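The values are calculated or read from the model by the stated rules, or taken from the named source; none is laboratory data. Please read all numbers here as calculations on a predicted model, not as lab measurements. Cβ sites come from the backbone with ideal geometry, for glycine too, and all protein chains shown count toward neighbours. We work out accessible area using only protein heavy atoms, side chains counted, and drop any ligands, DNA or RNA first. Shrake-Rupley method; radii C 1.70, N 1.55, O 1.52, S 1.80 Å.
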Number of protein chains: 4
Amino acid sequence: MSDVTVHLGPNKYGKAENRLVRITRDSARHEIEDLNITSQLRGEALAGSFLTGDNSRIVATDTQKNTIFALAKKHGVGSPERFLTVLAEHFTSSFDWIEGGLWQAEQYEWERIVVDGADHDHSFVRKGQGTRLATVQVVDGATHVTGGVKDLVVLKSTGSEFRGYPKTEYTTLPETDDRIIATSVTARWRYLPDAVADGVDYGEAYAEVTRVLLEQFAVVHSLALQQTLYEMGKAAITARPELAEIRFAMPNKHHFVYDIGRFGLENNGEVFIADDRPYGLIEGTVVRDGVDDAPDAWRDVPTFI
Amino acid sequence: MSDVTVHLGPNKYGKAENRLVRITRDSARHEIEDLNITSQLRGEALAGSFLTGDNSRIVATDTQKNTIFALAKKHGVGSPERFLTVLAEHFTSSFDWIEGGLWQAEQYEWERIVVDGADHDHSFVRKGQGTRLATVQVVDGATHVTGGVKDLVVLKSTGSEFRGYPKTEYTTLPETDDRIIATSVTARWRYLPDAVADGVDYGEAYAEVTRVLLEQFAVVHSLALQQTLYEMGKAAITARPELAEIRFAMPNKHHFVYDIGRFGLENNGEVFIADDRPYGLIEGTVVRDGVDDAPDAWRDVPTFI
Amino acid sequence: MSDVTVHLGPNKYGKAENRLVRITRDSARHEIEDLNITSQLRGEALAGSFLTGDNSRIVATDTQKNTIFALAKKHGVGSPERFLTVLAEHFTSSFDWIEGGLWQAEQYEWERIVVDGADHDHSFVRKGQGTRLATVQVVDGATHVTGGVKDLVVLKSTGSEFRGYPKTEYTTLPETDDRIIATSVTARWRYLPDAVADGVDYGEAYAEVTRVLLEQFAVVHSLALQQTLYEMGKAAITARPELAEIRFAMPNKHHFVYDIGRFGLENNGEVFIADDRPYGLIEGTVVRDGVDDAPDAWRDVPTFI
Amino acid sequence: MSDVTVHLGPNKYGKAENRLVRITRDSARHEIEDLNITSQLRGEALAGSFLTGDNSRIVATDTQKNTIFALAKKHGVGSPERFLTVLAEHFTSSFDWIEGGLWQAEQYEWERIVVDGADHDHSFVRKGQGTRLATVQVVDGATHVTGGVKDLVVLKSTGSEFRGYPKTEYTTLPETDDRIIATSVTARWRYLPDAVADGVDYGEAYAEVTRVLLEQFAVVHSLALQQTLYEMGKAAITARPELAEIRFAMPNKHHFVYDIGRFGLENNGEVFIADDRPYGLIEGTVVRDGVDDAPDAWRDVPTFI
């Protein structure tokens, strides 16, 4: 088989999961920003490392790590979207052979501990409700920005039906007009390039999008988790003019009515067993009418989940 | 080696991690209780199953599961401590050969989703900050009750020193008078038997103990994580007369000052890297003076962590 | 903002992580196949569920689950690639509005327990070394098949250098001509459509690809993890004519030489500390020359990892 | 409540999860030892750190970390039991106020990668089947040693019954004379003090105990998982005269026969769904007749699991 020949296809490399904690201590009232950052670079010139082990164009992953912490000092964080943009600009402008890359972040939120009814200046407790997500991608000279959230776990104890589906050879599920619906929301929303150029208040956008997602989950009378997903996305895009599209992965975290009728007990939607696997998995995208597609924005971004 | 003989030592068996979700829907305003329950039984008569496969005294683990869900309907939950007590009483009174056992629970808290500024009636978002713990143990006719919390992640960006330790052959750590101190608190507190007999408001106790733990973590100027631990325990016992003792496992979640001096940048406690492993692990118990030891309360309870 | 309008973008839905264990017991010598299967469907007609909660075309996720287990009885498993193909054909042929979908599997391998030097007929121990992966994707009438492996953890204690990289403002990493190199290989390889049409012995291909990957990791003197990755991919494609391309995600699991020189001890590559985060992350694709791209094959497949 | 007084109860502290990789490279054929080590110290003199933040007797956890790596160079590993003993002796002899402690290890096994039919000199693949465990405990001048294993996942596709259990108000489980039985074995065995004093070949003991556990799981016709556990323990103690006792935690990893009778298909123990939670949890100890109890050996050791 000596005549088999191959070539290098899509690739990127960098340093993953840099756990940056940035304290702002300009006054006695400290601020904390807590992130998990991944930096990865792309460029034709990097092929040498793959093909022959020529590292003369490889900005070492250790160098990428150092850069993250140095730039966090120089420029502060502000928001994950802003800080990833700082990183993207640094790497693409400092090395002419770095054509682009993907920068990703998770951000963990902290609340101030309350002492005698007042927020403490420098003591915090991790919030634990949802993790903020962000990506900045540079491809062919264009910069794409997404925000997002994951692990936002929600549940409605009523206001959810599931009916009208085809009854096939292998269908045994009974229809229901009242069930628990629960999911762990993962959402990523893409900001419109014009909005990014004009400047977005990413923190405000994050707060409002997550607020709207929760609110919509609550108020929609659900006929299917698909419908809930779509209404959540529609509400988010309606609320924030900066959003081009939003995509979701929403597992249907099943809560089964426990059969206690066998023991002469009535179960009017009161006693459930929460199941782990398997689970329904609903994924979908809601897009603002009239915006251009941007597949480059989503290149190598975790697909739906 | 045909003359080797053995016997059965300590043992228990049951059904672990029953994920019970209990909805109270007496009115349009639903309540949710979300638990992960483990039930395990002990008794001399159970030896037959181990020794010869004689199951005539084995209350099947599947039966234990059914029982949990049936009793959740009959009696409600109320608090994990109360519901585990219901289970303990059921099993020890229904089967005369069941001498005791260990019942454990985790409870996940939910908050109501806010819609138009008001708490929604039946839509919830998981709080995510700390998980409530409880155990009920029956040994030799005595019932022991503990409450607890885990995964309560806290951090102080200043107000922590670490100095004065021995400088040995293998010591390289520099002393510091200002560092980040962070930990994920696991705590279990034992209720005094008299308090249990008189009736404890376990929910109120949980709320106050966790509040006091947070507050104390914030206000103590820390000379060592050990000292912080002790002050937290002392404050909890002082605050709640029902508590006999409290034990803690507190990992020292290291946040290292990132060395950006190499790049001509000053780091005045602003840029840190959070490390995963290894980590300091401080474990200790604070005991109210004058109370009796109760080793049976802690039998087979996860040790410190 | 009442004039904001949106539409549904890319989506799919189904049942995830169905844990199928299939025993073949035609003789006293049982065979075991242990899989984790996800089935998800796509089709224009499914939009109604998202847009209006019209479920008349929704093959319920519960139905998909039942189908997996029923077809496992009817057709057996054989290989994950084969069984996912059976599922794909079932769903796309049984429901004319199901245009395609993505079916994914993990497979866990088991070894027979050895008793008195002989393999036991029906007792197994889980192998634990690497998890087999497979996907079948149907898009626009075309079927794409990939195989893969994850969690294949490898390490070389010498035979790895890293030198010649640019020394930038933020570079502090010293060059090395002898380091530990370790990674957890995730690889997915796409089978050529013609090979799929002609019939592939997927099990044999899996065994040989993983064998070649290990062998190549061992024999390549590594100048960069990138180069190791490329040589592994090249060897796999050379070894198996059915392969169109192979893509990898290879974290650089850092093992740092522990500085015991501070204690007057010499460390000639003998004592290392394994670090968790951050880690280098090298991702790349090796493609057989002359084959057509197939982006549909990779739609929604976990990107690199 | 100013009159509440408390005291310090049981405690220990140290550095957890030190990931030591030790390469022996005396020849071209390297050896690898890969461990996760936790060191924790006890002593009355350590109370000052808890009570007043007096660290003058605190051997810093960072110092404990350095010591682990330094001693790994000086003395090699050999076996986890031996290396933990080296650590225990070092800490208790170097600091007269360190009265004892608990040292724990996990060890991950590696196999040589095969190249052209031969084991490679310095390239390894992680075995992944079971993790070796060890503890050394020093209390009141006595040293206790345990070995162990976890995550050893086993399954029998037949040769398991479960019958004869009481049918109570909440019993719905049907009896079965043929089921899948599967578990993930966690076992810890205590070595006799005399054997420790005389010298144990811990590696050989580990290999034989795990071999015997697997063999016994295979050959016992199981009437209950309890019975299987007991027979496994009895066989281990019979096989190795160094063992005083062995304790097990064995979750009953349920595999339910999937009901495909609803689709007109017969399921003769061929198609199962593996379930995650809840699960049976069987824990028990098998003790050699005539040996003394040693509760100190198990102090703070993870209970059963």
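Considered as a group, the residues in segment B:287-305 that are of a type in the set (D, E, K, R) and over 27 Å from residue D:52 (Cα atoms) include one that is farthest from the other protein chains (Cβ to nearest Cβ), and that residue is B:296. Screening residue C:208 against (1) surrounded by 22 or more Cβ atoms within 10 Å (Cβ to Cβ); (2) within 13 Å of chain A (Cβ to nearest Cβ) leaves a single unmet condition, (1).
In segment C:56-75, the residues that are within 7 Å of chain A (Cβ to nearest Cβ) form Cβ pairs under 8 Å with partners that are buried (at least 23 other Cβ atoms within 10 Å of the Cβ) and among the charged types (D, E, K, R), at six or more places apart or across chains, as follows: C:61/C:15; C:62/C:15; C:65/C:15. Could you check segment D:275-305 and list, in sequence order, the residues that are touching a Phe, Trp or Tyr at 6+ places or on another chain (Cβ under 8 Å) and modelled with pLDDT of 95 or more? Correct list: D:275, D:280, D:281, D:282, D:283, D:284, D:285, D:286.
Scanning segment D:211-226 for residues that are buried (at least 23 other Cβ atoms within 10 Å of the Cβ) and at the interface with chain B (Cβ under 9 Å from one of its Cβ atoms) returns D:224, D:225, D:226. Is it true that some residue in segment B:150-164 is in contact with a strand residue (DSSP E or B) (Cβ under 7 Å, 6 or more places away or on another chain), farther than 30 Å from residue A:27 by Cβ and of a type outside the set (Asp, Glu)? Yes, there is a match, as at least one residue in segment B:150-164 is in contact with a strand residue (DSSP E or B) (Cβ under 7 Å, 6 or more places away or on another chain), farther than 30 Å from residue A:27 by Cβ and of a type outside the set (Asp, Glu). A single member of D:153, D:139, D:145, D:149 is within 14 Å of chain C (Cβ to nearest Cβ) and more than 15 Å from residue C:124 (Cβ to Cβ), and it is D:149. Within segment D:173-188, residues that are on the phi < 0 side of the Ramachandran plot and free of Cβ contacts under 8 Å to residues at least 12 places away in the same chain have Cβ atoms under 8 Å from residues that are open to solvent by 20 Å² or more (accessible area, probe 1.4 Å) and of a type in the set (D, E, K, R) in these pairs: D:173/B:62, counting only partners at least 6 apart in sequence or on another chain.
In segment C:39-51, of all residues being more than 13 Å from residue C:17 (Cα to Cα) and more than 7 Å from chain A (Cβ to nearest Cβ), the one that is surrounded by the most Cβ atoms within 10 Å (Cβ to Cβ) corresponds to C:41.
Annotation note: of B:218, B:195, B:187, B:205, the sole residue that is of a type in the set (A, V, I, L, M), at pLDDT 95 or above and either under 21 Å from residue D:12 (Cα atoms) or not assigned by TED's automatic domain parsing to the domain that holds residue B:288 (or both) is B:187.
Identify all residues within segment B:1-48 that are within 20 Å of residue B:299 (Cβ to Cβ) and of a type in the set (Gly, Ala, Ser); write none if there are none. B:9, B:14, B:16, B:39, B:43, B:45, B:47, listed by residue number. Across segment C:178-189, the number of residues qualifying as open to solvent by less than 10 Å² (accessible area, probe 1.4 Å) and within 25 Å of residue C:86 (Cα to Cα) comes to 2. Just checking, does segment D:267-286 include any residue being touching a helix residue (DSSP H, G or I) at 6+ places or on another chain (Cβ under 9 Å), open to solvent by 30 Å² or more (accessible area, probe 1.4 Å) and away from chain B (no Cβ under 11 Å)? So far as segment D:267-286 goes, yes, one or more of its residues are touching a helix residue (DSSP H, G or I) at 6+ places or on another chain (Cβ under 9 Å), open to solvent by 30 Å² or more (accessible area, probe 1.4 Å) and away from chain B (no Cβ under 11 Å).
Number of residues in segment C:237-266 that are facing another protein chain (nearest Cβ under 7 Å) and hydrophobic (A, V, I, L, M, F, W, C): the value is 4. For segment D:256-264, does any single residue satisfy the condition of being in contact with a Lys or Arg (Cβ under 9 Å, 6 or more places away or on another chain), surrounded by fewer than 21 Cβ atoms within 10 Å (Cβ to Cβ) and either free of Cβ contacts under 8 Å to residues at least 12 places away in the same chain or within 25 Å of residue B:10 (Cβ to Cβ) (or both)? The answer is yes, given that some residue of segment D:256-264 is in contact with a Lys or Arg (Cβ under 9 Å, 6 or more places away or on another chain), surrounded by fewer than 21 Cβ atoms within 10 Å (Cβ to Cβ) and either free of Cβ contacts under 8 Å to residues at least 12 places away in the same chain or within 25 Å of residue B:10 (Cβ to Cβ) (or both).
All of (1) in contact (Cβ under 8 Å) with a residue 24 or more places away in the chain; (2) out of contact with any strand residue (DSSP E or B) (no Cβ under 7 Å at 6 or more places or on another chain) hold for residue C:167 with one exception: (1). Among the residues of segment A:282-303, is there at least one that is more than 19 Å from residue A:176 (Cβ to Cβ), assigned to a loop (DSSP other than H, G, I, E, B) and either polar (S, T, N, Q) or touching a Gly at 6+ places or on another chain (Cβ under 6 Å) (or both)? Taking every residue of segment A:282-303 in turn, at least one turns out to be more than 19 Å from residue A:176 (Cβ to Cβ), assigned to a loop (DSSP other than H, G, I, E, B) and either polar (S, T, N, Q) or touching a Gly at 6+ places or on another chain (Cβ under 6 Å) (or both).
Within segment C:277-305, the set of residues being over 12 Å from residue C:245 (Cα atoms) and out of contact with any strand residue (DSSP E or B) (no Cβ under 8 Å at 6 or more places or on another chain) comprises C:302, C:303.
The residue that is farthest from the other protein chains (Cβ to nearest Cβ), among those in segment D:17-31 that are among the hydrophobic types (A, V, I, L, M, F, W, C) and crowded, with 22+ Cβ neighbours inside 10 Å, is D:20.
If you go through segment C:227-243 and keep only what is of a type in the set (Gly, Ala, Ser) and crowded, with 24+ Cβ neighbours inside 10 Å, you end up with C:233, C:236.
Just one residue in the set B:65, B:73 is farther than 18 Å from residue D:252 by Cα, at pLDDT 95 or above, open to solvent by 10 Å² or more (accessible area, probe 1.4 Å) and in the same structural domain as residue B:21 (by TED's automatic domain parsing); that residue is B:73.
Restricting segment C:111-125 to residues that are surrounded by fewer than 21 Cβ atoms within 10 Å (Cβ to Cβ) and in contact (Cβ under 8 Å) with a residue 12 or more places away in the chain, the residue that is farthest from residue D:211 (Cα to Cα) is C:121.
When you look at residue D:193, is it in contact with a His (Cβ under 8 Å, 6 or more places away or on another chain) and either touching a residue at least 24 places away in the same chain (Cβ under 8 Å) or over 30 Å from residue B:60 (Cα atoms) (or both), yes or no? Yes, satisfied. Do we find that residue A:172 is more than 14 Å from chain B (Cβ to nearest Cβ) and open to solvent by less than 20 Å² (accessible area, probe 1.4 Å) in this structure? So residue A:172 fails the test. Suppose we keep only residues that are out of contact with any Ser or Thr (no Cβ under 9 Å at 6 or more places or on another chain), assigned to a strand (DSSP E or B) and touching a residue at least 40 places away in the same chain (Cβ under 8 Å) within segment A:126-161. Which one would you say is nearest to residue A:202 (Cα to Cα)? Result: A:142.
A quick yes/no check of all residues on (1) under 26 Å from residue D:68 (Cα atoms); (2) open to solvent by less than 20 Å² (accessible area, probe 1.4 Å):
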| position | (1), (2) |
| --- | --- |
| D:108 | yes, no |
| D:141 | yes, no |
| D:151 | yes, no |
| D:155 | no, yes |
| D:160 | no, yes |
| D:163 | no, no |
